[in-house]
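To start, the structure itself, in structure tokens.
The values are calculated or read from the model by the stated rules, or taken from the named source; none is laboratory data. What you are looking at is a predicted structure, and each value in this text was computed from that prediction instead of being measured. All Cβ positions, glycine included, derive from the backbone under ideal geometry; neighbour counts span all protein chains shown. All accessible areas refer to the heavy atoms of the entire protein, side chains included, with ligands and DNA or RNA removed. Shrake-Rupley method; radii C 1.70, N 1.55, O 1.52, S 1.80 Å.
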Amino acid sequence: MAKPQQHSNSKAKTKYNKNNKFSNKLKPISKSSKKIKKTKPKQQQLPPPPPGSPPPALLTTASQQLDFFIQQYQSSNGFQLSSLELESFSEACIVKLSDSVPQDVSNLSEHMKSSFGSSWKEALCKKQIPGKSSVPGSPALLTISLSALRSLEILRSLKPFTKECHAAKLFAKHLKIEDQVSCLTNHVNVACGTPSRIKKLIDMEALGLSRLSVIVLDMYTDVKGFTLFNIPQIRDEFWELYTTHFHQRILDGTLRICLYGPIDANKFKAKKGKTDANE
């Protein structure tokens, strides 16, 4: 009698291997189904200047820097100052820095000594003396940068001033605003930060301006070409801070601006000429 034929199972056969693991006789995995490692895109670098272009030049005179500042003020806010309003600005609004000392971050403390004159130790170094009147949370020097990391770089350069009286860190990254408010209940000579957090602390009446004498605007350009004045959000936050709390004091002569770092005069002249042609 013929044995009945065994029907083959449509499912894949399973066999038991020596390692006590079951393995299915499945089709081999194609190479295309393997996970492809994603490579991070390379960070774009700024293109080199075109051949024959003039080398960058600094806006060194107070007059040049004042013109630059006013131009940024007008273009960012979308209005044109009248001749009467322009007369309110003077070169005395701008801190004149020494041409013999480079304007890099390591030399900032030397430049600030010169800008404060013979009273620099009293204004920038000394801590509150018990029994004497003092205004807590009101620095004499305030630096404004485009980022928290840049603010920290500037703070390191100002260490000669902050040995006795610690500087205030006025930026949001990794810092709670409650801790900053607590810090500003003490005597402060130097503060460094970003526009948004500085304005918030002023509005909360934690950061005082009664002793403020000089504002340093960091003109540093990062690897992507960004500055305090060309990142839209940060630029808008700065000008809101300026118009709300600094503008009138600049015009009154009780506060001065220091534009610290290289400003390309060639680009500034090109923009200025274009603006004048449209008027």
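Can you give the local net charge around residue 155? Use residues other than it whose beta-carbon is closer than 12 angstrom to its beta-carbon, Lys and Arg +1, Asp and Glu -1.
Spelling it out: positives minus negatives among the neighbours equals +2.
What is the sum of charges, Lys and Arg at +1 and Asp and Glu at -1, for the other residues whose Cβ falls under 12 Å from the Cβ of residue 61?
Taking every Cβ under 12 Å from that of residue 61, the sum is -2.
Which entries in 121/176; 127/159; 113/176 show an alpha-carbon gap greater than 25 Å?
Check vs 25 Å cut-off fails for 121/176; 113/176.
How much of the accessible area of the stretch 54-179, probe 1.4 Å, is carbon plus sulfur, in whole percent?
Summing carbon and sulfur atoms, their accessible area is 55 percent of the total for the stretch 54-179.
For residue 258, enumerate residues with amide H under 5 Å from its amide H, sequence gap 5+ or separate chain, H modeled in the peptide plane.
When sequence neighbours closer than 5 places are left aside, the close amide H contacts are 95, 215, 216, 217.
Beta carbons within 10 angstrom, averaged per residue: use that to sort the peptides 89-98, 207-216, highest first.
Highest-to-lowest ranking by the protection proxy: 207-216, 89-98.
With unit charges on the beta carbon (Lys/Arg positive, Asp/Glu negative), name the residue among 82, 92, 145 whose Cα is farthest towards the positive pole of the charge dipole of the stretch 74-186.
Checking the options against the dipole of the stretch 74-186, the answer is 145.
Enumerate the calculated ³J(HN,Hα) couplings along the stretch 180-186 in order (Karplus 6.51 cos²θ - 1.76 cosθ + 1.60, θ = phi - 60°), each rounded to whole Hz, writing x wherever the residue is Gly or Pro.
Here the 3J(HN,Hα) series is 5, 4, 5, 4, 7, 7, 9 Hz.
Just to confirm a number: summing +1 for Lys and Arg and -1 for Asp and Glu over residues other than residue 260 whose beta-carbon lies under 11 angstrom from that of residue 260, what do you get?
Taking every other residue near residue 260 into account, the sum is -2.
Cut-off under 17 Å on the C-alpha distance; same-chain residues fewer than 8 positions from residue 163 excluded. Which aspartates and glutamates are left, in chain and number order?
Counting by Cα, and skipping residues close in sequence, residue 163 has these aspartates and glutamates nearby: 110, 122, 153.
Under 19 Å from the Cα of residue 199, which aspartates and glutamates turn up, not counting those fewer than eight places away in the same chain?
Qualifying aspartates and glutamates at Cα under 19 Å: 178, 179, 218, 236, 237, 240.
When the Karplus curve 6.51 cos²θ - 1.76 cosθ + 1.60 is applied with θ = phi - 60°, which whole-Hz ³J(HN,Hα) does each residue of the stretch 224-235 get, with x for Gly and Pro?
For the stretch 224-235, the Karplus curve yields 8, x, 8, 9, 4, 9, 10, 8, x, 5, 5, 4 Hz.
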